[in-house]
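The values are calculated or read from the model by the stated rules, or taken from the named source; none is laboratory data. Quantities reported herein were computed from a predicted structural model and do not represent experimental measurements. Virtual Cβ from ideal backbone geometry, glycine too; neighbours counted across all protein chains shown. Just so you know, the surface numbers come from the protein's heavy atoms only, side chains and all, with ligands and any DNA or RNA stripped out. Shrake-Rupley method; radii C 1.70, N 1.55, O 1.52, S 1.80 Å.
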Amino acid sequence: MENNYNIFETTDFNSDLWDKLHGAYGNILEDIKPLAVKEPDVPENEKTLYTSFKSDYMVAFDNICCTLAHQMSFYPASYIALPYLANAFNYWYEKDDFIMQVLFLLNVGIIVSTDIGYNTEYYKSTRESLPEDVMQNYQDSILFFKEKAEELLSNKLDMLKQPDLFKPVDLTYICISLLALIGKKEHAFAFLLGNFDQCIISCKNCGLYTEDIELDNDYMKNTIQELNSLITPAAPVTGQWDKKSFDNTYIWLSNVLQLLGNDNDAAKLSYFYGTFNCPECGAKTGPVVDLYMEALFEE
């Protein structure tokens, strides 16, 4: 039965693309079908990050999210899954179900963050062989999620701070997922790959390669002098975000983390957007997160 909340064209269940475009565990069609129902049946106690799912809808949702971002790799099934996820999200958006919206944005952001050159080069011929409308619907779905991510950050940030809704660490990962949707997929990928507490760096000048930089909060407290010798953190930008502009990633993301009460991760972010001071040649380059991505591409 057609879902009245559908806004994107989707690949027909009888299409041979389901056999051609796989997730980590193969054909994803059987997990897509429950997400396309007209009226989802989701128990209130399953609208959370902190439970085991039993309903058909949430089991399928969890399976899809896992298979499309397994080990932070990209899987071509995303090309036909994203429009279905966008339609499913739109149902919860129109129902004004904030928690389900966040669950979708969190997981779709992780999926979208894997769609970078580092991951997708292998699938170039697959992508080029797909019907034009499939790729257009995929890109349009990403733009739709971008719009909703920006709307949440601009207008609904206080709702994320509701007591007992999400743990502080999860608020940070939600922000990183929103970062991917807003357009900085590479940076979000780097943060997620290193659990937002470690990075590798390759000096642009002399090629020094280091992978032992740890940025978790306990480590920062214990070795702050050593860390500061390697990285000059970006200057604080508290209060400099207008709550509507997303052009400067460091400014808006740092302020969002602070507004959510996560000052430690805002401080950590300043190192990712800081300057690397090479101990070998003395060159100063950055931001560190870009050096991280370049080091990944060199591996």
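When we screen Asn255, Asn228 for residues that are over 23 Å from Tyr173 (Cβ atoms), open to solvent by less than 70 Å² (accessible area, probe 1.4 Å) and assigned to a helix (DSSP H, G or I), the only hit is Asn228. Taking every residue in the range 150-169 that is under 17 Å from Ser254 (Cβ atoms) and in contact (Cβ under 8 Å) with a residue 12 or more places away in the chain and pairing it with any residue that is open to solvent by less than 50 Å² (accessible area, probe 1.4 Å) and of a type outside the set (A, V, I, L, M), at least 6 positions away or on another chain, the pairs with Cβ-Cβ distances below 7 Å are Glu150/Phe246; Leu160/Phe166; Pro168/Asn262. The listed residues are Leu179, Leu143, Leu165, and the only one of them that is surrounded by 14 or more Cβ atoms within 10 Å (Cβ to Cβ), of a type outside the set (Lys, Arg) and under 17 Å from the mean Cα position of the chain (by Cα) turns out to be Leu179. Among the residues of the range 276-289, is there at least one that is part of a helix (DSSP H, G or I) and not aromatic (Phe, Trp, Tyr)? Yes. The criterion of being under 24 Å from Glu186 (Cα atoms) and within 24 Å of the chain's Cα centre (by Cα) holds for Ile80.
The residues of the range 182-213 that are touching a strand residue (DSSP E or B) at 6+ places or on another chain (Cβ under 8 Å), open to solvent by 10 Å² or more (accessible area, probe 1.4 Å) and closer than 19 Å to Asn264 by Cβ, listed by number, are Asp197, Gln198. Considering the conditions (1) out of contact with any Gly (no Cβ under 8 Å at 6 or more places or on another chain); (2) touching a residue at least 24 places away in the same chain (Cβ under 8 Å); (3) within 30 Å of Asp158 (Cβ to Cβ), Gln71 is excluded by exactly one of them, (3).
Within the range 199-230, the set of residues being within 25 Å of the chain's Cα centre (by Cα) and either of a type in the set (Phe, Trp, Tyr) or under 21 Å from Ile251 (Cα atoms) (or both) comprises Cys199, Leu215, Asp216, Asn217, Tyr219. Within the range 23-65, being surrounded by 16 or more Cβ atoms within 10 Å (Cβ to Cβ), assigned to a helix (DSSP H, G or I) and in contact (Cβ under 8 Å) with a residue 24 or more places away in the chain holds for Asp31, Ile32, Pro34, Leu35, Ala36, Ala60, Phe61, Asn63, Ile64, Cys65. Among the conditions (1) outside any helix (DSSP H, G or I); (2) in contact (Cβ under 8 Å) with a residue 12 or more places away in the chain; (3) within 17 Å of Pro287 (Cβ to Cβ), the only one that Gly239 does not satisfy is (3). Among residues of the range 110-137 being open to solvent by less than 70 Å² (accessible area, probe 1.4 Å) and among the hydroxyl-bearing types (Ser, Thr, Tyr), the one that is farthest from the chain's Cα centre (by Cα) is Thr126.
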